[in-house]
Amino acid sequence: MTSAVNSAVNSAVNPAATSVVEPATRLPLIGDRAPDFEAESTHGPVRLADYAGRWLVLFSHPADFTPVCTTEFVAFAELAEEFAARNVALLGNSVDSVHSHLAWTRAIEDRLGVKIPFPIIADLDTRVSRAYGMLHPNASATAAVRAVFVIDPESAVRAILYYPMNAGRMVPEILRLVDALQTADRDGVSCPANWRPGDDVLLGAPKTQAEVEARLADERLKLVDWYLASLPGRGA
């Protein structure tokens, strides 16, 4: 009650206090269900449900016809077949219009000889950008930062990356991240630092004395210590 009274008093004394501040959107976290969306894109209407049963890399860029974004889209296009071979769809997003996206992708094809094969959301109302926390006011009030969301076939957020406006993404690292997630899911293992497909993978630390003893007796393992053991990798 007191805060409501104070708010009314402040509004009467200071008309500027009546302006509505939109509540902050909770950013999706790893393990959350990915926020649903339905939007227009360069390939027509798209929904999160369209990607059920596939992995999805949803990524945002600040604006069309900008230097860093152009190099990133070329990099994603050049690896699009590698992503597709892993059952991964690519989906771009920015607050530009469909017409702007189409003109930009045509310019990329005309000037650089690279065709952009994946859709780009025209997020003019910023609904997708706000739902996924792609708008960072201290970077820009209207342009999305370079966000990446890796979403699994059950629509769960599995990885999140954020880059600033002035540093482009390493697209092969995003592909490597997908490989690591898929390998971990398939084999029930973890992937160490700098892991690449085919490298050794890690087992979780034992939780009981019996598990420690079983691990010490397992001749398949490369055992550094009781808690640090690896298995030969078998590729992506």
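The values are calculated or read from the model by the stated rules, or taken from the named source; none is laboratory data. This is a predicted model, so every value here is computed, not measured. FYI the Cβ positions are ideal-geometry reconstructions off the backbone, even for glycines, and counts take in every protein chain you see. Just so you know, the surface numbers come from the protein's heavy atoms only, side chains and all, with ligands and any DNA or RNA stripped out. Shrake-Rupley method; radii C 1.70, N 1.55, O 1.52, S 1.80 Å.
Values as computed for the structure displayed
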| item | result |
| --- | --- |
| Contact order normalised by residue count of the chain, Cα under 8 Å, 6+ apart, percent | 19 percent |
| Per-selection Kirkwood Rh - region 43-123 (Cα, Å, 1 d.p.) | 13.0 Å |
| Gaussian network model of the chain, springs between alpha carbon atoms under 10 Å - residue of ALA193, ALA167, ALA139 with greatest fluctuation | ALA193 |
| Evaluated at q = 0.11 Å⁻¹: base-10 log I(q)/I(0), Debye formula over Cα of region 134-236 | -0.50 |
| Per residue, in Å², the accessible surface of region 122-195 once ligands and nucleic acids are set aside, probe 1.4 Å | 44 Å² |
| Ranked order, HIS61, HIS43, HIS99 - accessible area, probe 1.4 Å, largest first | HIS99, HIS43, HIS61 |
| Distance (nanometres) between label positions extended 7 Å along Cα→Cβ at THR126 and ASN194 | 4.2 nm |
| Region 39-179: C-alpha pair distances exceeding 18 Å, % | 52 percent |
| Residue with peak Gaussian network fluctuation, the chain [Cα springs, cutoff 10 Å], from LEU56, LEU203, LEU223 | LEU223 |
| Stokes-Einstein D (µm²/s) once Rh is taken as the Kirkwood radius of the chain over alpha-carbon pairs, at 10 °C in 1.306 mPa s | 77 µm²/s |
| 14 Å reach of a label modelled at ASP36, 7 Å along Cα-to-Cβ, counting backbone N of region 116-155 | 155 |
| Most mobile listed residue (SER100, SER155, SER60) in the chain, GNM with C-alpha springs under 10 Å | SER100 |
| DSSP beta bridge pairing in the chain, given as percent antiparallel to the nearest 5 | 65 percent |
